[in-house]
Each structure stands twice: as C-alpha cells, then as structure tokens.
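See structure below.
Derivation of every value follows stated rules applied to the coordinates shown; laboratory data play no part. These numbers were taken from a predicted model, which means no experiment stands behind them. Counting neighbours? That spans all protein chains shown, and the Cβs are built from the backbone with ideal geometry, glycine included.
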Amino acid sequence: MSAVVYKGFTQEEMEFQFNPQVSAPDYPRWAEERKKASLRAREALKSYLDVSYGSSPRQVMDIFPAAKSGAPVLAYIHGGYWRGGSKEENCHFAELCVKRGATVAVLEHDLCPSVTVTEIVRQIRSAIVWIHGNIAKYGGNPSRLYLAGSSAGGHLVAMALAHDWQKEALPRQLIKGATAISGVYDLDAVLHVSVNNEIRLEEDSARENSPFLHPPLPYSPLIIAVGGDETRGWKQMSEDFFTLCKKRGVECEYLEVPGAHHFSLSAHLADPNSPLARAILRQTSL
C-alpha cells in the first residue's frame, strides 16, 4: 500500500485530487468554449489592449472600460497553474460586467518555469498598484477596486489580500472585495503532483507563497467559490481555507456552485443567472 503524502491521500491519489486535467478530462471542450467567448467579447467591447504595468512582455493587461466614468473596477487573474493561460482567452465574462457598469481589467503575468511563483505574486501585486494609480485614465474608480481569479488566479487573489498595502503608502482597504474561484490555497499539495515539474516549487517557496500560512488580512470581503463536482481534495482545500479566513476575522462567504467542475466553472462567470456571477455582481454593487 502506498504511503499517505498529503491530507490522507496517497501519491497515486494526489494526481486525481489536485490535477484538474486528470479529474476533468473534458477540459479541452471548456477551454475552447471559453476561448471562443473571449474572442466575441474582445470584438464586441471597446478596449485598451496590452497595457503595460511592468518590464516584461507578459506584464500587461487588457482594459474594457464601462460606458460611464467613475465605474467600479473588476481586475481578473486567469488560471493555468501559474504555467499557462492568457488574458486573450479569459475575458469571456467582460461583456456581462461592462454592461452592468464595471470597468474590467484582465491581467497577465509571466509563467513558470521562466519565473517563480514568488515573482508572479510580486507581479500581480505590482499590477494592482498600477491599476490604483492609473485606472482613472480609463474611466475606472480606483477607490472601488475588486479582484477575482480562478484556480492559480484564486491563489493570487488570496496573496494580494494578504499584502499590507499601507507599507506602500496605499489605503489599507485598497481592495474593496474579492472572489477566489477554485483557488490553490495550500501549496504543500502542489509539491506532490506532476505539474510541479514545470512550476518548480520547493518546500521553502511553497511555504512562502501559501495562503494557508499567509491568509488574507481582515480588511476586504471575500467570496470563496468552488464547483460542486470538483474532487473531494479540492473542495476540502476551499472549505478549510474558508474556515481559516473566518477565524482570522475576514468577512467571508462560501459558495459551492452545483454541477460545476474546475473548468466548467468558467462558463458561470459569464452567465447572469449563475450564482457565481450573481455573487460577484452583488459584491461590486452592479
């Protein structure tokens, strides 16, 4: 019998529990649908594309402004286990949010193994600082900044909420609210799945970047969402993170989306009737 390596799971079980491409083999269909929907959104909306916030070619964002200035801002961070994904294929929800009155910024960042997870966390925090200082030029209100992110993007949302923005002479509640969707919160789990061959986390870097060890500060309301059809291990990670955040005094909501798995959750972002989209719109007062 194989030895248990993480939270009651053996090494053989880890791949199914924490590698969504194994547990949801229909993921290419969902990725293709999201790509097509994102292309439609890019064609339909006014946009400012490839706006730079940093020094490398991937430190850019696409901004989809609301019709009226002073709009709330929703900054979205795509998934891909820190080693894949692009803003071009993850703006499928932007049309819904823009029509409701939000300015949307879809962020991109460098990828593992070219950079470390530590560097990606730094880049996303840098992007948030850039948005606060510059989004008014694009019709957004920097005092109404919200975050959302899926999978690895959910992790990056959590790490942004753990940051002390006052140390950078910024408002303590720089982020007015956030939604972490099917996030990776305990990076110890990643050490035991094959994707780490590309991510290249080690024990020290996993501890440094784990929201379980660096939870959000109690300043911003947080929605923790997960698919009802995700694996037992992934759902337990979200439940445990929710419990931790509540204990830390974070205003927190747990949302399990019925019938959704790790990849089909993306379609819910663009569906005004989905409980996930409704929760985000409600949080941003749209």
So what is log10(I(q)/I(0)) for the chain at q = 0.16 1/Å, when the Debye sum runs over its Cα atoms only? -1.30
Those lysines that a straight Cα-Cα span of less than 20 Å connects to LYS167, excepting residues fewer than 8 apart in one chain: LYS176
Footprinting exposure proxy for ILE224, ILE181 (fewest neighbouring C-beta atoms within 10 Å first): ILE224, ILE181
Got the relative contact order for the stretch 4-283 handy, in percent, Cα pairs under 8 Å and 6 or more residues apart? 19
Run lengths n ≥ 4 of DSSP H only: what is the helix-derived mean residue ellipticity at 222 nm for the chain, with -39500 (n - 2.57) per run over all residues, to the nearest 500? -10500 deg cm²/dmol
Summing +1 per Lys or Arg and -1 per Asp or Glu among the other residues with Cβ less than 15 Å from LEU145's Cβ gives +4
If each K or R counts +1 and each D or E counts -1, the residues other than PHE9 whose Cβ falls under 15 Å of its Cβ total -4
Given axes a ≥ b ≥ c from the Cα gyration tensor, I'd like to know whether the stretch 149-249 is rounded (a/c under 1.5), prolate (a/b larger than b/c) or oblate. oblate
Scoring only Lys, Arg, Asp and Glu (+1, +1, -1, -1) among other residues with Cβ under 9 Å from the Cβ of ALA67 yields +3
For the stretch 1-91, which chymotrypsin sites (Phe, Trp or Tyr not before Pro) are in a loop by DSSP, counting at most 11 other Cβ atoms within 10 Å? none
Output for the stretch 146-235: trypsin sites (Lys or Arg not before Pro) sitting in coil per DSSP, at most 12 other Cβ within 10 Å, listed by number, reads ARG172
With the dipole of the stretch 4-283 defined by +1 on each Lys or Arg Cβ and -1 on each Asp or Glu Cβ, the option from CYS252, LEU170, ASN197 whose Cα lies farthest towards the positive pole is LEU170
In the stretch 1-49, the trypsin sites (Lys or Arg not before Pro) that sit in a DSSP loop and have at most 12 other Cβ atoms within 10 Å of their own Cβ are LYS46
